[in-house]
Amino acid sequence: PTFATMPHILNEQGNKKLGKRDGAKDVLDYVRDGYLPETLLSFIATLGWNDGTEQEVFTKQDLIEKFDLKRVQKSGARFDEKRLLWMNGQFIRELSLDELYEGVTDMWPESARNADDDYKRSVLALAQDRLKTLRDLPTLTSYFFMEPEADLALITENKQLKKFDASELRALLGAAAEALDGCDWNPEAIQDCLNQLLEATGQKPGTLFSLIRIATTWAPFSPQLNDTMYLLGKEKTLARLKDSIEKL
């Protein structure tokens, strides 16, 4: 057999070999943190190697077909944690819903323990595009299974929403509740109602939709707003908007 040594893996600054002091972890730690094995294979294979194209993400079959020692660089390769995270999101999006559902068996929030499988699949299908690691699942979905606790910092620390006083925020949420109360409950109709609400209030989507999203989920991020509200259901969405008005 012919043996070859890949380039040294360097820390994020690229000035020394990656070590435990730089946060280096066992590969299984990454798996426990919600990274896919496919991601780790692609990421490590591309530390110091590329196929000469713009392709950044490689499946195992891609590597079998394209990997060539002649394109391995001699200098060290920087370990970019952000690139690893981005790549993991790409691989998660390529999974079928069945594959993803099987992979997150132990990742669901405790509140989802007794939830219906079909409902959990619907939640997962909605969250899939936003997952960067499988460990993001509880943060991204817990409000589908239990009433969230209000975190006013999500508003007071928001660049746009912190410009409004409490009475203005209550008025916007009141207008949203009134508009959505008369709305047919499907994703398309909900989006139409939201668009009409933008015109009526004169607000920007980044402001109004962020406020409604926070008031209905109290999460730092969530899937598409109209799809989220549809899955929550009309009664729960309106109840949360009214509850948030009281909290403000």
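The values are calculated or read from the model by the stated rules, or taken from the named source; none is laboratory data. Because the structure is a prediction, the values reported are computed rather than measured. Note: ideal-geometry Cβ built from the backbone for every residue, glycine included; neighbour counts use all protein chains shown. Please note that ligands, DNA and RNA were not included when accessible areas were found on the heavy atoms of the full protein model with its side chains. Shrake-Rupley method; radii C 1.70, N 1.55, O 1.52, S 1.80 Å.
Observations on the model:
- Within the range 20-32, restricting attention to residues that are open to solvent by less than 80 Å² (accessible area, probe 1.4 Å) and part of a helix (DSSP H, G or I), the residue that is farthest from GLU94 (Cα to Cα) is ASP22.
- Under the condition of being open to solvent by less than 50 Å² (accessible area, probe 1.4 Å) and over 22 Å from LEU69 (Cα atoms), the residues counted in the range 4-13 number 1.
- Options ALA171, ALA176; residue that is over 30 Å from SER96 (Cβ atoms), open to solvent by less than 50 Å² (accessible area, probe 1.4 Å) and part of a helix (DSSP H, G or I): ALA176
- Meets criteria (of a type outside the set (Gly, Ala, Ser), surrounded by 14 or more Cβ atoms within 10 Å (Cβ to Cβ) and assigned to a loop (DSSP other than H, G, I, E, B)) for LEU41: no
- Entry remark, the range 75-90: residues being part of a helix (DSSP H, G or I) and open to solvent by 40 Å² or more (accessible area, probe 1.4 Å) number 6 in total.
- If you filter the range 44-73 down to residues that are in a helix (DSSP H, G or I) and over 28 Å from the mean Cα position of the chain (by Cα), you find that the one that is surrounded by the fewest Cβ atoms within 10 Å (Cβ to Cβ) is LYS70.
- Of everything listed in (1) open to solvent by 40 Å² or more (accessible area, probe 1.4 Å); (2) in contact with a helix residue (DSSP H, G or I) (Cβ under 8 Å, 6 or more places away or on another chain); (3) at pLDDT below 95, the single unmet condition for ARG93 is (3).
- Within the range 179-192, being hydrophobic (A, V, I, L, M, F, W, C) and closer than 16 Å to LYS236 by Cβ holds for LEU180, CYS183, TRP185, ILE190.
- Unmet criterion (only one of (1) more than 18 Å from the chain's Cα centre (by Cα); (2) part of a loop (DSSP other than H, G, I, E, B)) for TYR35: (1)
- For the residues ALA200, ALA189, ALA239, the requirement of being open to solvent by less than 40 Å² (accessible area, probe 1.4 Å), without any contact (Cβ under 8 Å) to a residue 40 or more places away in the chain and either among the small types (Gly, Ala, Ser) or assigned to a loop (DSSP other than H, G, I, E, B) (or both) singles out ALA189.
- Of the criteria (1) hydrophobic (A, V, I, L, M, F, W, C); (2) modelled with pLDDT of 95 or more; (3) over 25 Å from LYS236 (Cα atoms), which one ALA176 fails: (3)
- Hey, LEU85 touching a residue at least 12 places away in the same chain (Cβ under 8 Å) and at negative phi or not: yes
- Residue list for the range 111-137, filter: in a helix (DSSP H, G or I), farther than 15 Å from LEU97 by Cβ, in contact (Cβ under 8 Å) with a residue 60 or more places away in the chain and open to solvent by less than 90 Å² (accessible area, probe 1.4 Å): ASP136
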